[in-house]
1. Whether any residue in the stretch C:93-110 is in contact with a strand residue (DSSP E or B) (Cβ under 8 Å, 6 or more places away or on another chain), within 13 Å of chain B (Cβ to nearest Cβ) and either part of a helix (DSSP H, G or I) or modelled with pLDDT of 95 or more (or both) is what I want to check.
2. Give the residues of the stretch B:68-95 that are farther than 26 Å from B:A169 by Cα and modelled with pLDDT under 95, sorted by residue number.
3. Only one of (1) surrounded by fewer than 24 Cβ atoms within 10 Å (Cβ to Cβ); (2) within 30 Å of B:I273 (Cα to Cα) is not met by B:E116, so which one is it?
4. Considering each of A:L125, A:L183 in turn, give the residue that is crowded, with 24+ Cβ neighbours inside 10 Å and modelled with pLDDT of 90 or more.
5. When the stretch A:196-224 is examined, which residues are found to be farther than 21 Å from A:A244 by Cα and in contact (Cβ under 8 Å) with a residue 40 or more places away in the chain?
6. Only one residue in A:V145, A:V190, A:V163 is more than 16 Å from ligand 1 (Cβ to nearest atom) and of a type in the set (V, I, T), so which one is that?
7. Scan the stretch A:36-67 for residues that are modelled with pLDDT of 90 or more and either more than 14 Å from chain B (Cβ to nearest Cβ) or open to solvent by 30 Å² or more (accessible area, probe 1.4 Å) (or both) and jot them down.
8. Taking the stated definitions as given, is B:E104 open to solvent by 10 Å² or more (accessible area, probe 1.4 Å), over 18 Å from B:A75 (Cβ atoms) and modelled with pLDDT under 95?
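The values are calculated or read from the model by the stated rules, or taken from the named source; none is laboratory data. Remember, predicted model here, so these are calculated numbers, not experimental data. Neighbour counts are summed over all protein chains in view; Cβ atoms, including those assigned to glycine, are modelled from backbone coordinates with ideal geometry. The protein model used for the area step is the full one, side chains on, heavy atoms only, and it has no ligands, DNA or RNA in it. Shrake-Rupley method; radii C 1.70, N 1.55, O 1.52, S 1.80 Å.
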Amino acid sequence: MALVFVLFLLFMMMGMPVAFAIGISGAVFFVQLGTLPMTIPVQLFLTQSQNFVLLAIPLFVFAGNLLNETGITNRLLKLSSILVGHYRAGLAQVTVVLSAMMGGISGSAIADASMQGRILRDGMLARGYSRGFSAGIIGTSSLIVTMIPPSIGLVLYGSIGEVSIGRLFAAGIVPGLLLTAMLFAGVAYVARRKGYQPERQTRAPLKEMASTFLECIWAFFFPIILMVGLRMGIFTPSEAGAFAVVYALVIGILVYKELTWKKFLKTLESTAVDIGMIMLVINMSAIFSYGITWERLPETLAYALLGLSSVPWVIMLIIVLFLLVAGMFMDSTVLILLLTSIFVPVAGTLGIDLVHFGIVMVLTLTVGLLTPPLGVVMFVVCSIFECSVIEFVKESWIFMALVVLVVLLVIFFPGLVLFLPNLFFGT
Amino acid sequence: QPQADAEKFVLRFNHVLAPTEPYHQGFLNWAEQVRVRSNGRLTIEVSHSAALGREEDIIEQLRMGANIGQNTDSARLGMYVPAIAVMNAPFFIETIDDVVKLKELPTVQQWLKELELKFGIKVLSFQWVQGLRHMVTNVPIRHPRDLAGLRIRTPGAPIWQESVRAIGATPVALPFGEIYTALQTDAIDGAELVYRNVIGAKLWETADYFSETGHILLINFSIVGRAWFDSLPEELQTILIEENMKAGLATSRGMEADIAAARELLIANGMTIVTDVDRAAFRAAGNAAYTVLNLTAARDQIYKELGRPTP
Amino acid sequence: MKALARIYDLICRAEMTLVKGGIAILTGLVFVSAVARTLGRPVGWAVDIAIFLFVWCVFFCADIAMRQGKLVTVDIVTMHLPKRARYYLQFVNNTLIVVFLLFLIRYSIPLAYTSRFVRFQGISWFSYTWVVISMPIGATLLLITTVLKMREHYIKGC
Ligand code: NA
Ligand code: NA
């Protein structure tokens, strides 16, 4: 397995497309082992795209591209420049708020980042934000989606650890809002340092606000209508993307009348390219993960680390550091699958509330979506913004640091997390 | 042959359930007994939550000779030998004792032989019984007509879909993990599950009633690849099978014994258990599934061998 | 040669048309499935077919993305290398990709054969083989694209 890791890093350094660097190094494991059928890598790749939950990704990508062509994005940009145009880097604030709203609909950070990357890219670049900064804030803010319910990571943790999904969902709300606030502040700080000017000097007059709001009302309603549909049980989170597409179509054809057949076909074309680059990475990573699972690497390491100490807070610290590092090399879903059953009993004996622990665990693991060497969200936003990983890291490390700060706050102030579930479900 | 004796074997055994489910402990017990009895020559490593992969994929892998095993059900095995799916049909059999009897029947033996010789799937045993499946809903279910128009989540395979349709509900295929949220948002009206599932997912938070329809007795199979199995010395083959049966039966009986406590737990959490279910009406309705899926002949043959009257 | 180029161009256009149709249809199917369930008449096959289309779309989309040079790469190291080194590295990369794709094609064929008993999503008349053959076909398309890229790379020189 060591060889697999070395090859993976080597291939990436050689400038091989990331998807193939992951897939080829992953396949080396099977060749090395020699006892497993070589058909398994083929199976793993195929099975990955038969996952109903992953189907949300192409749907939201399609929705994002359609929103651009139907005039909804333009109005969203106009509305946001009226509402937050007097802030520095107002559009970066918009993506933070938008993720908080999308958090109530989608459970996938990848889907959110690819949709918003598509929607906001041109607007952000036109306003002179650097590629690294824009990709950075869209990537980081997409983590909000994984905390605000519904959340795929929390469902997985809850099912494996037999922890109430309802409580976990309620517990995710405050950290989600905390992330939103932190990133809001982070954008303000970075924008000042980088000298991004506000689009307008003063707050827009109320009258202008009202008229623009009316003009752009369908853009504003986009996430709200989706949320209502979800709460009414018309669709499940995995199906929400399809409704976003239909919403964009209806508004684009009937209300704004900007969507033509030609534009529709063009949208499908750019969607195809996006799906190709995103899904190839995701499918190949299934091949890579298998060896790690087969060798029981995370479990073995986790048990070894847990043996290092018996002091509760040291153990907690070890767990968090371990999750942080593990998340850098592996998909968070696979890690939740492998590690929940090891850490939940440990957390239990330490007297840590399992809902609290679940939030810490899922939040910490999702940080890995943003970090090299293997961060799927990072790859997605970097490819949409055509920026290098170096640029991305250089310009968004502050945002990542803020996410880690939220993790720390959540660890040391369990009340932040447990307040809402206790309120809804009793103690 | 001392050299063959020294050879060590490893089996990776995969199941889809959570590690907190009694099954996981059951498989671990099996692994431990096999290790002890074989003096460490045969090791079984158990993976939960489908960590090793999707059930269908694992079955293909073991057919190709990988040292992998899987806990599966008759719906999946029915893809290879269609008649086996009958064991998943509504009200086919209803007790663990009947499951034990099944394994001796010539017809069942013949099915298993076909699985082994034609498809390379070796069934170690099917003594793993998860229990009777009941209805989790927000209205009490006493009669098939109470299910009319209700969207009930069920696994995707045709035998599941048709069984649920036969007893009056509208089947909806959703992943297991989505049950909680789908119930909460009313995307579905209910699900059909065993007691243990309701506790695991804490479904009392989103549903009020658990009606004991007992429409399906969920039987699981422990399978490995024939090629790998044949590579084992005979002694180890025997140990593997005998211990699997023992562990399976013990786990099934344990889960059955736990139902009383499970019932208490559900009630304590505010759920109403409906016990006055018109089982006869459900049983009669369930017949439709056999006709639709062409399983009547298989059922009648098994009943004949069991010495039971055919409906 | 010219005829070959024409055929390849045709394949590319067919690929794009299929993908466009595929994405539109799979979106529609997911939508219809949700609406039908809400109306109390679930159509189970809708999502099954959507997932089936998704598998195929992934390969075609990947091929299109690759042809347009849109696959993500990390250039931390390569950007500092001399042009000549980069030229040879890219040749090595592409060769490895070709070998890997051949590996996928080689092993997807026996899998397609043994999967003939497996029903796709449990649908009795639909074999999983239809899913598996997306791999040899998809990987072959990727293979052609890679080889053409290598050729172009070679012609352009250092
Ligand atoms: Na965002
Ligand atoms: Na969410």
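1. No, the stretch C:93-110 contains no residue that is in contact with a strand residue (DSSP E or B) (Cβ under 8 Å, 6 or more places away or on another chain), within 13 Å of chain B (Cβ to nearest Cβ) and either part of a helix (DSSP H, G or I) or modelled with pLDDT of 95 or more (or both).
2. B:Y80, B:V81
3. (2)
4. Criteria check complete, one pass: A:L183.
5. A:Y196, A:Q197, A:P198, A:E199, A:R200, A:Q201, A:T202, A:R203, A:A204, A:E208, A:M209, A:T212
6. The unique qualifying residue is A:V163.
7. Answer for the stretch A:36-67, where residues must be modelled with pLDDT of 90 or more and either more than 14 Å from chain B (Cβ to nearest Cβ) or open to solvent by 30 Å² or more (accessible area, probe 1.4 Å) (or both): A:M38, A:I57, A:P58, A:L59, A:F60, A:V61, A:F62, A:A63, A:G64, A:N65, A:L66, A:L67.
8. When the stated conditions are applied, B:E104 passes them.
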